[in-house]
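The values are calculated or read from the model by the stated rules, or taken from the named source; none is laboratory data. All values reported here derive from a predicted model rather than from experimental measurement. No Cβ is skipped: glycine too gets one built from the backbone with ideal geometry, and neighbour counts run over all protein chains shown.
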Amino acid sequence: MLFYPLMIAGGLFWALAYLMIIRRGFLDGTYGMPVAALCANISWEFVFSFIFPHGPIQTPINAAWFVLDLVILGQIVRYGPREFPALPRRSFYAALIAGLLTALAAVVAITVEFQDFDGAYTAFGMNLMMSVLFLWMLYPRGSLRGQSPWIGVAKMVGTACNSAAFWLYASEGSVLLPFLFVAILLFDAAYVFFAFRLRRTKSAFASARAVG
């Protein structure tokens, strides 16, 4: 049975994505995960590490992700107000707290309402939101600050492993989950494509300026 090997592989690639986000954030003096995505992500990891813990294999992975997301949350607290200069600092922090509390309540409510104690619907639903937001964050910043194509590759491969595990062993009869698997893959692939293209464009521009 490939379910657990695929889930472990997915967990490792996601951990790699987190580590690259953290490294890039400190190097660039910013945060690399969209704020709304972080709120949803860290809430899911808290819920399924401490409130509705998974089995002996997945729970330690969830807890490790939670610790890494705490570091990213620290980067958002430290660098976030710089990214929203028109927003007063207190308002930014109030919105962040509201986002965290709302996401936490939503994950718990959806889990109980649909008896989804595997966390599949919340996990893949917020994963799709994250994929869209990562892609959206590329161009408003006008650069790869806090991001890199390789973060997108690690996220895409990690999610593909988790998607394959659920598709093969845990999504029978579901219409929504296969849709989420495919949609996430498409948005992740788009992010990787545009991130590589943006990096090439910036590199060519820098080279042209150096020659000039």
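The table below gives the values:
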{"quantity": "Extreme residue, nearest to residue 33 (Cα to Cα), among residues of the range 136-149 that are assigned to a helix (DSSP H, G or I) and touching a residue at least 60 places away in the same chain (Cβ under 8 Å)", "calculated": "137"}
{"quantity": "Given (1) touching a residue at least 12 places away in the same chain (Cβ under 8 Å); (2) surrounded by fewer than 16 Cβ atoms within 10 Å (Cβ to Cβ); (3) touching a Cys at 6+ places or on another chain (Cβ under 9 Å), number of the condition residue 104 does not satisfy", "calculated": "(2)"}
{"quantity": "Among residues of the range 109-134, those that are surrounded by 20 or more Cβ atoms within 10 Å (Cβ to Cβ), of a type in the set (A, V, I, L, M) and more than 11 Å from the chain's Cα centre (by Cα), counted", "calculated": "0"}
{"quantity": "Test: residue in the range 69-90 that is crowded, with 18+ Cβ neighbours inside 10 Å, over 23 Å from residue 187 (Cβ atoms) and in contact with a Cys (Cβ under 6 Å, 6 or more places away or on another chain)", "calculated": "no"}
{"quantity": "Answer residue from the range 159-196, given it is assigned to a loop (DSSP other than H, G, I, E, B) and free of Cβ contacts under 8 Å to residues at least 40 places away in the same chain and is nearest to residue 141 (Cα to Cα) among those", "calculated": "175"}
{"quantity": "Scope the range 154-190; condition farther than 16 Å from residue 124 by Cα and at pLDDT below 95; matching residues", "calculated": "173"}
{"quantity": "Which listed residue is aliphatic (A, V, I, L, M), closer than 21 Å to residue 36 by Cα and touching a Pro at 6+ places or on another chain (Cβ under 8 Å), from 133, 128, 101, 186", "calculated": "133"}
{"quantity": "Every pair of residues 6+ apart whose Cβ atoms lie under 6 Å, when the first sits in the range 48-63 and is free of Cβ contacts under 8 Å to residues at least 12 places away in the same chain while the second is in a loop (DSSP other than H, G, I, E, B)", "calculated": "59/53"}
{"quantity": "Only listed residue being at pLDDT below 95 and out of contact with any helix residue (DSSP H, G or I) (no Cβ under 6 Å at 6 or more places or on another chain), chosen from 119, 142", "calculated": "142"}
{"quantity": "Residue selected from the range 24-48 under the condition hydroxyl-bearing (Ser, Thr, Tyr) and under 15 Å from residue 140 (Cβ atoms), by the criterion surrounded by the fewest Cβ atoms within 10 Å (Cβ to Cβ)", "calculated": "30"}
{"quantity": "Which listed residue is buried (at least 18 other Cβ atoms within 10 Å of the Cβ) and aromatic (Phe, Trp, Tyr), from 93, 191, 169, 139", "calculated": "191"}
